[in-house]
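The values are calculated or read from the model by the stated rules, or taken from the named source; none is laboratory data. Predicted, not measured: the structure shown is a model, and the values here were computed from it. Note that each Cβ is placed from the backbone with ideal geometry, even for glycine, and that neighbours are counted across all protein chains shown.
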Amino acid sequence: MEEYSLIGLFVSALISSTLLPGGSEVVLLYLATQTAEDHVVLWLVATLGNSIGGVTTWGLGWWLARRFPGKTLNEVKHKRALARIRRWGTPTLLLSWVPIIGDPLCFVAGWLKLSFFYSVLFIVIGKAARYGLLLLAV
């Protein structure tokens, strides 16, 4: 049963970090308080799933920029993300976990073809910190 809980947490974290809504925080906190699962394992699984989702969104932005090079980002959320990333660079991706702005930040970073290595690094750090703080709170 425990492996299904971890799979559910991973899937929830993955979906939460793509352009689709999800509730990985609720799943994480439920598992942390209602099961005997090690918090480090929960933290790693949630971080991995959410990070893969963020990197997938980065990849989608990168792919679309290559596929449609003449297009511009016209959505308001993308314009805001574009301004932030142009100003602060890849460290902006530390905020990739923030609802509403996180997905556009990852997408725009890929669109701008920012360093894959540094993008992944900051995405993982931001998401790991968020899940770590949630687990420390319980």
Quiz prompt | All positions within region 81-93 that are of a type in the set (D, E, K, R) and touching a helix residue (DSSP H, G or I) at 6+ places or on another chain (Cβ under 7 Å) | solution = Arg84
Self-check item: Of the criteria (1) within 13 Å of the chain's Cα centre (by Cα); (2) among the β-branched types (Val, Ile, Thr); (3) in a helix (DSSP H, G or I), which one Val98 fails
Solution: (3)
Exercise. Give Ile123, Ile100 a once-over and let me know the one that is under 15 Å from Thr18 (Cα atoms) and at pLDDT 95 or above.
Key: Ile123
Quiz item: Going through region 53-94 one residue at a time, which ones are touching a residue at least 24 places away in the same chain (Cβ under 8 Å), surrounded by fewer than 18 Cβ atoms within 10 Å (Cβ to Cβ) and among the hydrophobic types (A, V, I, L, M, F, W, C)?
Solution: Leu60, Trp63, Leu64, Ala65
Practice problem: Kindly check whether there is at least one residue in region 29-37 that is touching a Gly at 6+ places or on another chain (Cβ under 7 Å) and aliphatic (A, V, I, L, M). | Solution: no
Practice problem: Answer yes or no as to whether Leu73 is in contact with a helix residue (DSSP H, G or I) (Cβ under 7 Å, 6 or more places away or on another chain) and either under 19 Å from Ala13 (Cβ atoms) or at pLDDT 90 or above (or both). | Solution: no
